[in-house]
Amino acid sequence: MSALTVTKTRLFQGIWEGIVTGSPAGTRPSIAVTHLEQPVPGAELVEAAKAPDWVLRIPVPRQALTDGIHTFLIRDAETGETLGSFAILAGEALADDIRAEVDLLREELDLLKRAFRRHCLESM
(Lines give C-alpha, C1' and ligand atoms only; values in the text may rest on other atoms or scores of the structure.)
Protein backbone atom coordinates (compact mmCIF):
# COMPACT_ATOMS: atom_id res chain seq x y z
CA MET A 1 0.00 0.00 0.00
CA SER A 2 1.30 3.40 -1.00
CA ALA A 3 1.87 6.07 1.64
CA LEU A 4 1.02 8.74 -0.92
CA THR A 5 -2.32 10.55 -0.99
CA VAL A 6 -3.72 12.95 -3.57
CA THR A 7 -6.15 15.71 -2.61
CA LYS A 8 -7.87 17.82 -5.27
CA THR A 9 -7.54 21.56 -4.82
CA ARG A 10 -9.22 22.88 -7.97
CA LEU A 11 -9.97 22.58 -11.68
CA PHE A 12 -9.22 25.94 -13.27
CA GLN A 13 -8.82 26.93 -16.93
CA GLY A 14 -8.52 23.33 -18.06
CA ILE A 15 -5.90 22.31 -15.50
CA TRP A 16 -6.73 19.93 -12.65
CA GLU A 17 -4.65 20.65 -9.55
CA GLY A 18 -4.06 18.64 -6.42
CA ILE A 19 -1.65 18.14 -3.54
CA VAL A 20 0.39 14.97 -3.19
CA THR A 21 1.35 14.14 0.41
CA GLY A 22 3.04 11.23 2.16
CA SER A 23 6.37 11.35 0.37
CA PRO A 24 9.50 11.27 2.55
CA ALA A 25 11.17 14.69 2.83
CA GLY A 26 13.40 15.43 -0.13
CA THR A 27 12.02 12.52 -2.17
CA ARG A 28 10.08 13.25 -5.35
CA PRO A 29 7.07 10.93 -5.63
CA SER A 30 6.66 8.98 -8.84
CA ILE A 31 3.17 9.72 -10.20
CA ALA A 32 1.57 8.44 -13.41
CA VAL A 33 -1.58 10.00 -14.88
CA THR A 34 -3.57 8.15 -17.53
CA HIS A 35 -6.66 8.69 -19.66
CA LEU A 36 -7.97 5.73 -21.68
CA GLU A 37 -4.91 3.79 -20.49
CA GLN A 38 -2.57 6.31 -22.17
CA PRO A 39 -0.24 8.73 -20.33
CA VAL A 40 -1.56 12.27 -20.13
CA PRO A 41 0.92 14.66 -21.76
CA GLY A 42 1.95 17.72 -19.78
CA ALA A 43 1.18 16.36 -16.29
CA GLU A 44 3.68 17.92 -13.91
CA LEU A 45 4.69 17.57 -10.28
CA VAL A 46 6.32 20.56 -8.60
CA GLU A 47 7.48 21.05 -5.05
CA ALA A 48 4.93 22.88 -2.88
CA ALA A 49 5.80 25.80 -0.65
CA LYS A 50 4.96 23.54 2.32
CA ALA A 51 7.54 20.72 2.23
CA PRO A 52 7.32 17.72 1.81
CA ASP A 53 4.09 18.24 -0.18
CA TRP A 54 4.01 18.37 -3.98
CA VAL A 55 1.61 20.14 -6.37
CA LEU A 56 0.27 17.97 -9.18
CA ARG A 57 -0.98 19.78 -12.30
CA ILE A 58 -2.79 17.84 -15.02
CA PRO A 59 -3.88 19.64 -18.19
CA VAL A 60 -7.16 18.22 -19.49
CA PRO A 61 -6.51 17.22 -23.13
CA ARG A 62 -8.82 18.69 -25.78
CA GLN A 63 -9.76 15.19 -26.98
CA ALA A 64 -11.31 14.52 -23.56
CA LEU A 65 -13.81 17.34 -24.09
CA THR A 66 -16.35 15.30 -26.03
CA ASP A 67 -19.78 13.79 -25.33
CA GLY A 68 -19.73 11.35 -22.46
CA ILE A 69 -17.62 10.78 -19.41
CA HIS A 70 -13.83 10.68 -19.42
CA THR A 71 -11.99 9.39 -16.37
CA PHE A 72 -8.41 10.22 -15.48
CA LEU A 73 -6.49 7.93 -13.10
CA ILE A 74 -3.69 9.11 -10.85
CA ARG A 75 -1.40 6.27 -9.78
CA ASP A 76 1.73 5.68 -7.78
CA ALA A 77 4.09 4.78 -10.64
CA GLU A 78 6.21 2.53 -8.41
CA THR A 79 3.45 0.37 -6.91
CA GLY A 80 0.72 0.84 -9.53
CA GLU A 81 -1.78 1.70 -6.79
CA THR A 82 -4.53 4.15 -7.75
CA LEU A 83 -4.23 7.27 -5.60
CA GLY A 84 -7.11 9.22 -7.07
CA SER A 85 -9.16 10.00 -10.11
CA PHE A 86 -11.33 12.67 -11.63
CA ALA A 87 -13.91 12.66 -14.39
CA ILE A 88 -14.97 15.13 -17.04
CA LEU A 89 -18.62 14.90 -18.18
CA ALA A 90 -19.94 16.73 -21.20
CA GLY A 91 -22.57 16.76 -23.91
CA GLU A 92 -25.84 14.90 -24.27
CA ALA A 93 -24.81 12.03 -22.02
CA LEU A 94 -24.55 14.49 -19.15
CA ALA A 95 -28.07 15.81 -19.68
CA ASP A 96 -29.54 12.29 -19.62
CA ASP A 97 -27.52 11.38 -16.56
CA ILE A 98 -28.65 14.44 -14.60
CA ARG A 99 -32.30 13.89 -15.55
CA ALA A 100 -32.13 10.27 -14.44
CA GLU A 101 -30.50 11.27 -11.16
CA VAL A 102 -33.13 13.95 -10.48
CA ASP A 103 -35.92 11.46 -11.23
CA LEU A 104 -34.38 8.99 -8.79
CA LEU A 105 -34.06 11.66 -6.11
CA ARG A 106 -37.71 12.67 -6.61
CA GLU A 107 -38.83 9.04 -6.20
CA GLU A 108 -36.78 8.67 -3.03
CA LEU A 109 -38.13 11.95 -1.66
CA ASP A 110 -41.73 10.84 -2.35
CA LEU A 111 -41.04 7.55 -0.58
CA LEU A 112 -39.64 9.39 2.45
CA LYS A 113 -42.58 11.82 2.52
CA ARG A 114 -45.09 8.95 2.50
CA ALA A 115 -43.20 7.12 5.26
CA PHE A 116 -42.97 10.28 7.36
CA ARG A 117 -46.67 11.06 6.97
CA ARG A 118 -47.57 7.47 7.88
CA HIS A 119 -45.33 7.70 10.95
CA CYS A 120 -46.94 11.00 12.02
CA LEU A 121 -50.48 9.53 11.67
CA GLU A 122 -49.58 6.36 13.61
CA SER A 123 -47.87 8.22 16.46
CA MET A 124 -50.90 10.44 17.22
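The values are calculated or read from the model by the stated rules, or taken from the named source; none is laboratory data. Everything quoted here is computed from the prediction, not taken from an experiment. Every residue, glycine as well, gets a Cβ built from its backbone with ideal geometry; the counts of neighbours run over all protein chains shown.
Observations on the structure shown:
- The condition of being out of contact with any Pro (no Cβ under 7 Å at 6 or more places or on another chain) and at pLDDT 90 or above holds for only one of 73, 4, that being 73.
- Residue 71 vs. criteria among the polar types (S, T, N, Q) and either under 20 Å from residue 2 (Cα atoms) or not assigned by TED's automatic domain parsing to the domain that holds residue 2 (or both): no
- Verdict on residue 77 being under 24 Å from residue 8 (Cα atoms) and of a type in the set (Gly, Ala, Ser): yes
- Only listed residue being out of contact with any helix residue (DSSP H, G or I) (no Cβ under 9 Å at 6 or more places or on another chain), charged (D, E, K, R) and not assigned by TED's automatic domain parsing to the domain that holds residue 19, chosen from 62, 99: 99
- Looking only at residues of the stretch 58-109 that are loosely packed, with under 14 Cβ neighbours inside 10 Å and basic (Lys, Arg), we find that the one that is farthest from the chain's Cα centre (by Cα) is 106.
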